[in-house]
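*Asks:* Below you'll find the structure I mean.
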Amino acid sequence: MFFGVVKFEYVPLNFTEFHDVDLIGGIIGGIFRPSPTQAIPPMPLKDLEVRHSQGRERPFKLSDGGGLHLLVQPNGSKLWRLKYPFGGKEKLLSLGKYPGVTLAAARARRGEAKALLAEGLDPGAAGPEEVEQPSVRTFEMIARAWHANREAGLDKEHAKRVLNRLERDAFPVIGERPITDITAPQILEMIRKVEGRGALDVSRRLKQSTSQIFRFAIASGWAEHDPTVHLLGALKPKPRVRHMARVPLKALPELVRSILNYDGEGNSRRREMTRDALMFTLLTWPRTGETRFATWAEFEGLEGLEPLWRIAPERMKMDREHLVPLPRQAVKLLMRRRQATNSDLVFPGEKMGCPISQNTMIFACYRMGYRSKQTVHGFRGLAST
């Protein structure tokens with residue numbers, strides 16, 4: 001979690017009225033801790049790494065992902081290699097020598113090779129100079145090479161969605177056209193079809209992917225310009241974002257006090273569960289569904305120095321793993337919940353194996369008198385102040 005340069009405005013809060021002042025410390029400051037370094041996934045190669053790599057006593061490899069690696073020989077020679085499966089065997093393809101073949105060029109060749117594999121062809125059946133180049137490169141052909149080139153660096157489900165979007169909305173319209181013949185009006189026609197069904201977010205993502213495909217083609221020498229640059233201002237605007245209700249920052253102490261004293265449900269066990277779910281959400285700022293479906297398997301190091309909540313990409317709106325460093329107040333709450341339940345869910349509902357209902361926390365806000373003043377999703381708005 002990285003917040004960049006943050007400007008804070010001092011707003012005096014009356015913390016002396018709280019019987020659990022430590023909670024505010026967790027809400028205001030507990031989350032601003034760096035994620036543990038070991039949680040950062042490995043990155044693809046950088047030009048500087050390739051350029052400054054030097055020979056060692058024995059040959060070694062620098063991996064870029066997707067089977068592509070640079071073999072550095074003891075004499076300093078650097079050779080691009082691609083490892084890939086074909087016909088039930090693992091094969092190795094030579095892609096050329098660095099610096100004659102740059103990192104970008106090696107990635108482009110990896111994309112071409114994976115596009116051939118997708119068609120059931122062996123990219124290593126002939127040497128790089130002997131492979132017959134297609135006389136016409138269509139948009140679909142290059143799009144699949146682009147996708148194969150970057151697939152290794154993407155979450156599997158996200159990569160699948162990107163390809164499905166192209167297959168559904170792009171290939172039927174411009175897929176068979178030579179990429180050098182495609183014009184801005186033709187791309188806009190493709191996007192208008194998506195806008196016509198009200199999928200404005202999808203239309204923008206499709207335009208973005210199309211632009212990336214053209215830039216990939218330009219870098220590979222298959223095109224000379226990107227016609228999507230002429231679409232600026234042509235797409236339908238996104239609907240205005242409606243922010244969820246939230247109280248002003250000065251009312252935060254009263255909100256915390258209301259949650260701590262919540263007694264709006266008849267069952268004491270349910271009251272405690274709702275109270276803890278609300279407070280945990282206020283301490284960590286997730287979306288309602290991320291709190292509801294939280295499982296014990298997602299939490300790491302609760303008894304250590306760097307407790308962490310690791311939310312899988314498939315549970316996140318942006319399809320990326322989300323790391324939440326936990327303040328001590330959230331850890332204390334979780335330890336209490338772990339003793340109170342034997343479920344895999346942190347906040348189980350009345351039915352076995354099911355979480356608390358979607359409306360549990362928002363109805364609690366209503367009972368506390370915050371209808372139209374504060375929503376659970378609005379906790380995230382408080383975090384942005």
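Quick note: the coordinates plus some simple rules give every number you see, no bench work behind them. Note that the structure is predicted; figures quoted are calculated from it, not measured. Neighbour counts run over all protein chains shown; Cβ positions are idealised from the backbone, glycine included.
*Asks:* According to a simple spin-label model (label point 7 Å from Cα along Cα-to-Cβ), what is the distance in nm between E49 and S94?
*Replies:* Result: 2.5 nm between the two label points.
*Asks:* Ok, one more. Which entries of K46/K236; K114/K207; K46/K193; K193/K317 show an alpha-carbon separation above 28 angstrom in the structure shown?
*Replies:* From the list (K46/K236; K114/K207; K46/K193; K193/K317), the Cα-Cα distance tops 28 Å for K46/K236; K46/K193.
*Asks:* Something else now. Cβ neighbours within 10 Å, averaged per peptide: list 114-122, 325-333 in order, most packed at the top.
*Replies:* Listed from highest to lowest mean packing, they are 325-333, 114-122.
*Asks:* Would you pull out the residues with amide H under 5 Å of K373's amide H, same chain only if 5 or more places away, H placed 1.01 Å from N?
*Replies:* Amide H neighbours of K373: none.
*Asks:* With 10 angstrom as the radius, rank M273, M316 by how many other C-beta atoms surround their C-beta, starting from the fewest.
*Replies:* Taking fewest neighbouring Cβ atoms as first place, the list is M316, M273.
*Asks:* Just to be sure I understand the model, the point goes 7 Å from the Cα along the line to the Cβ. What's the resulting K373 to N164 distance in nm?
*Replies:* 4.3 nm
*Asks:* Applying the Karplus parametrisation 6.51 cos²θ - 1.76 cosθ + 1.60 with θ = phi - 60° to the phi angles of segment 293-303, what ³J(HN,Hα) value in whole Hz is obtained for each residue in order, glycine and proline being reported as x?
*Replies:* Along segment 293-303, the couplings run 9, 4, 10, 5, 5, 7, 9, 10, x, 4, 9 Hz.
*Asks:* Around T295, which amide H atoms from residues at least 5 apart in sequence, or from another chain, sit under 5 Å from its own amide H, with H modelled in the peptide plane?
*Replies:* Those lying under 5 Å, H to H, from T295 are V346.
*Asks:* For F293 and E119, compute 0.36 nm times the residue count separating them, minus their Cα-Cα distance, and round to one decimal in nm.
*Replies:* Residue separation times 0.36 nm, minus the Cα-Cα distance, leaves 58.7 nm.
*Asks:* On to the next question. Check cross-link reach from K91 to the aspartates and glutamates: straight Cα distance under 14 Å, and skip same-chain residues fewer than eight apart.
*Replies:* D122
*Asks:* What residues qualify as long-range amide H neighbours of G55, i.e. H under 5 Å apart, gap of 5 or more or another chain, H built at 1.01 Å from N?
*Replies:* G76
*Asks:* Now for a separate question. Highest mean first, what order results for 291-299, 345-353 on Cβ atoms within 10 Å?
*Replies:* 291-299, 345-353
*Asks:* While we're looking at this one, here's another question. For segment 165-181, just list the computed ³J(HN,Hα) in residue order, Karplus coefficients 6.51, -1.76 and 1.60, θ = phi - 60°, integers in Hz, with x standing in for Gly and Pro.
*Replies:* 3J(HN,Hα) across segment 165-181, in whole Hz: 5, 5, 5, 7, 10, 9, 4, x, 9, 10, x, 8, 7, x, 5, 6, 9.
*Asks:* Kindly identify segment 139-231 as rounded, prolate or oblate by the Cα gyration tensor criterion: order the square roots of the eigenvalues as a ≥ b ≥ c, call it rounded if a/c is under 1.5, otherwise compare a/b with b/c, prolate if a/b is larger, else oblate.
*Replies:* It is oblate, given that a/c is not under 1.5 and a/b is not larger than b/c.
*Asks:* Also, I was wondering about something else. Find how much the distance from E176 to Q73 grows on full extension, using 0.36 nm per residue of separation minus their present alpha carbon separation; answer in nm with one decimal.
*Replies:* Additional length available on full extension: 32.8 nm.
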